[in-house]
Amino acid sequence: MKYWVAVILIAGLGNCFSAAAQTRTADSLRTLLSNETRRDTTRAIRLQLLSNETMLADLPQAIALLEQSLALCRALNYPVGEGKALVRLGTLYRRQENYPQARQYTQQAQALFRRRGDLAGLAKTYLQLSFINLAVGDLVASLRAAVTGLPYAEKAGDQLTHGRLQVAVGSVYVQSGNHEEALPVLKKALKAVDAQADKYMVVAALNLLGNTYQLRKNWDEALACFQRSERLNNELGDEQSATIDNTDMSELYAEQKNYAQALKYALKARKAAVLNKDKYNLPPAELALAHAYLLGGRPDSAIALARHAFELGRNSRTLESLRNASEVLSKAHANRGDFADAYKYSGLWAAYKDSIAGERAQVKISGLRYGYEIGRQQDQISLQAQKAARQRQGIYGLLAGVLGLLLLAGLLVRNVVLKQRANRTLNEKNEQIEHQRDRLDQTLTQLKATQSQLVQSEKMVALAALTAGVAHEIQNPLNFVNNFSELSLELLAELEEEQQQPSPNLVLANGLFDDLKQNLRKIHQHGGRASAIVKGMLDHGHAENGRRQSVDLNALCEEYLRLAYHGLQSRHRTFTVARTLDLDPNLGQLHVVPQELGRVLLNLFTNAFYAVHKKAETTGDGYAPAIGVRTRHLNGQVEVAVRDNGLGIASAVMDKIFDPFFTTKPPGEGTGLGLWLSYDIIANGYGGTLVAHSEEGAFTEFVLTMPQAQTVSRAAAAATVQQ
């Protein structure tokens with residue numbers, strides 16, 4: 001599991017100055033701009049400098065200042081300032097994740113530099129486009145932009161931009177899994193940016209090298225790169241990049257099965273991401289921690305973190321987060337024995353993995369690199385040909401025509417040889433690409449066959465488990481029905497025999513009648529249990545036809561609490577329970593199927609009333625039964641808590657209460673399907689959670705949570721009702 005995009009995008013986004021120094025410089029620039037209102041090139045430059053100083057503290061203000069400078073440069077026909085403003089606007093909009101606007105300004109800068117023949121400027125725009133395409137996950141376009149910009153940087157002698165472009169190329173190779181080609185590119189890139197003292201790009205190159213070594217199982221080299229990168233980030237005060245290093249070190253130790261170190265660095269990374277409100281690094285940090293928990297045998301904790309990271313990835317449409325979260329969820333559910341969920345997330349993981357690094361993208365990426373290398377060779381041939389032409393012109397002035405003709409013939413032969421050599425190199429590269437394509441075809445065929453076998457096996461396992469569970473649960477009440485039926489037939493035979501006697505024994509006959517009544521009650525009781533099991537399974541298997549509606553959760557809680565209480569009093573008229581409602585008035589509404597959520601609430605309330613009634617039967621007059629219902633809207637979640645002071649649940653069975661057919665009630669009073677169905681509706685139907693907390697003999701509390709995505713505003717709910 002890797003999260004590489006943030007490595008290259010965070011690196012080099014701004015200079016590391018102290019806050020005090022930034023404030024003093026910004027204040028001085030504001031004073032100059034306020035005192036000198038003349039609209040000239042000096043004002044345009046000062047606006048750009050002030051934008052640089054305010055970028056870290058107030059990004060929208062920095063963008064506004066740059067747009068003022070851009071408008072002034074265009075009005076003054078000042079192309080140098082215009083080009084700098086356009087490139088910088090592309091960078092800042094990319095930091096805002098406004099990639100269409102960033103691309104638009106970068107392309108405008110590219111057109112300006114091309115008209116002016118500014119090779120260094122063109123190189124910077126291709127670097128910017130490479131970063132933008134990398135951010136949106138288009139690896140092919142990112143690599144194409146980087147390799148297009150490299151010759152411009154070489155011709156302009158811009159070593160700084162050239163080194164950054166090399167780092168961008170290496171990043172694409174790492175993300176595409178092509179670590180064989182990534183390693184030499186990144187080593188060369190690290191040497192280049194190190195020579196330019198470009199510390200932010202040194203950090204990026206080190207992190208990418210660490211990932212490459214990790215892919216190659218070179219643990220010591222990978223750890224050394226991550227540790228050096230973290231030290232340099234701490235020196236620069238770049239907490240975001242340091243968080244990436246800690247996440248990577250956690251994953252590195254996890255691959256080596258070192259649970260303690262993996263947990264240490266994952267906790268450190270997640271803490272930093274939360275404190276810094278770092279939305280780039282929170283999903284990978286949580287996934288690293290989930291991976292560590294999975295390694296430590298804590299699948300429930302891993303599932304909770306991975307689900308949160310999955311939601312963050314779905315909200316930001318980050319395929320890499322979705323792929324990594326799906327992988328952790330698949331493994332965690334498999335460890336818990338939840339094979340249906342494990343198979344579901346395994347399929348998602350495969351789909352997201354194919355989207356990120358498909359076979360066609362790999363071939364295109366390799367082809368682009370080879371095209372770039374061949375292009376460089378052709379450029380060298382052209383340069384050599386131009387040099388030879390210049391030499392030939394000098395020789396024509398000194399030598400006679402015959403010697404000139406001979407030299408020309410020699411040069412032509414030399415050009416032919418060089419072209420043949422280039423063609424041979426191109427053919428070799430094409431053969432390598434074809435060989436790689438054939439190997440990928442074979443691997444894909446094998447994977448598809450293996451996947452088909454796995455799907456069939458998991459289907460059979462799931463079907464066998466469900467069939468065995470239903471058969472076992474129904475067999476018990478059916479055995480009772482059969483046994484009591486046989487006993488009843490025997491009693492009827494005895495009664496019939498006694499009645500045929502000249503003087504029937506009434507005492508014996510009455511006793512036989514009592515036994516028959518008791519047997520019939522037992523038959524009715526166990527037949528009802530079998531019927532309840534079948535009804536519960538039909539409820540679970542029946543597709544819900546209800547439509548999702550905007551529902552007031554507080555009103556729904558009040559309604560079903562009243563229904564459950566009336567049901568209790570219909571059976572026990574003199575029994576009363578104190579009911580407390582603590583409902584959040586700002587809860588909003590839920591967009592759900594009311595019948596589904598009502599079924600869950602009614603089950604929780606009914607269980608609570610059952611628990612307090614049973615405790616009242618055994619405790620006496622000193623016991624005051626009470627039930628409390630609480631709703632809250634916290635941290636993007638809608639929460640419902642149902643608490644009773646009844647019998648409680650023994651800790652020995654707490655892990656089994658959501659299993660199908662498990663119940664703590666006596667035979668005939670429960671099927672063990674209520675909590676299982678409730679958990680299935682909340683977890684699988686709405687992506688929420690249902691957990692229980694209890695102390696035996698003291699209390700039980702069930703807490704239901706649903707993600708904020710299920711809620712709608714009151715205005716939207718009213719509009720829905722009107723429609």
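Structural remarks
- Flag: Gly177 matches the condition of being under 23 Å from the mean Cα position of the chain (by Cα) and part of a loop (DSSP other than H, G, I, E, B).
- Pair list, Cβ < 8 Å and 6+ apart or interchain, from the range 232-256 residues that are on the phi > 0 side of the Ramachandran plot to residues that are open to solvent by 30 Å² or more (accessible area, probe 1.4 Å): Gly237/Cys16
- Checking each residue in the range 199-224 for being closer than 16 Å to Thr161 by Cβ and open to solvent by 10 Å² or more (accessible area, probe 1.4 Å) picks out Lys199, Tyr200.
- Where a residue in the range 551-570 is in contact (Cβ under 8 Å) with a residue 12 or more places away in the chain and closer than 20 Å to Thr705 by Cβ and its partner, wherever it lies, is in a helix (DSSP H, G or I) and open to solvent by 20 Å² or more (accessible area, probe 1.4 Å), with Cβ under 8 Å and at least six apart: Val551/Pro594; Leu556/Pro594; Tyr560/Leu602
- The set of residues from the range 179-231 being free of Cβ contacts under 8 Å to residues at least 24 places away in the same chain and aliphatic (A, V, I, L, M) comprises Val185, Leu190, Ala197, Ala224.
- Hits in the range 26-80 (condition: of a type in the set (Gly, Ala, Ser) and within 23 Å of Gly121 (Cβ to Cβ)): Ala44, Ser51, Ala62, Ser69, Ala71, Ala75
- Residues (open to solvent by less than 50 Å² (accessible area, probe 1.4 Å), over 39 Å from the mean Cα position of the chain (by Cα) and among the hydrophobic types (A, V, I, L, M, F, W, C)) located in the range 52-83: Leu72, Cys73
- Of all the residues in the range 152-163, those that are open to solvent by 30 Å² or more (accessible area, probe 1.4 Å) and in a helix (DSSP H, G or I) number 6.
- Residue selected from the range 31-51 under the condition touching a residue at least 24 places away in the same chain (Cβ under 8 Å) and among the basic types (Lys, Arg), by the criterion least open to solvent (accessible area, probe 1.4 Å): Arg43
- Test for Leu411: is it more than 43 Å from the chain's Cα centre (by Cα), at pLDDT 70 or above and more than 30 Å from His179 (Cα to Cα): yes
- Contact map, the range 322-342: first residue over 23 Å from Asn281 (Cβ atoms), second residue among the acidic types (Asp, Glu), Cβ cut-off under 7 Å, separation 6 or more or different chains; pairs are His333/Asp341; Phe339/Glu458.
- Only listed residue being open to solvent by 40 Å² or more (accessible area, probe 1.4 Å), of a type in the set (Asp, Glu) and closer than 17 Å to His179 by Cβ, chosen from Glu255, Glu235: Glu255
- Within the range 558-601, the set of residues being among the aromatic types (Phe, Trp, Tyr) and not in a helix (DSSP H, G or I) comprises Phe575 only.
- Beta carbons closer than 7 Å, at least 6 apart along the sequence or on distinct chains, pair a first residue in the range 407-421 that is surrounded by 12 or more Cβ atoms within 10 Å (Cβ to Cβ) with a second that is assigned to a helix (DSSP H, G or I) for Leu407/Arg392; Leu407/Ile395; Leu408/Arg392; Leu411/Ala388; Leu411/Arg392; Asn415/Ala385; Leu418/Ile381.
- Filtered residue count, the range 185-217, keeping only those that are assigned to a helix (DSSP H, G or I), farther than 21 Å from Val147 by Cα and of a type in the set (Lys, Arg): 1
The values are calculated or read from the model by the stated rules, or taken from the named source; none is laboratory data. These figures come from a predicted structure and were not determined experimentally. Counting neighbours? That spans all protein chains shown, and the Cβs are built from the backbone with ideal geometry, glycine included. Heavy atoms of the whole protein, side chains included, go into the accessibility calculation; ligands, DNA and RNA do not. Shrake-Rupley method; radii C 1.70, N 1.55, O 1.52, S 1.80 Å.
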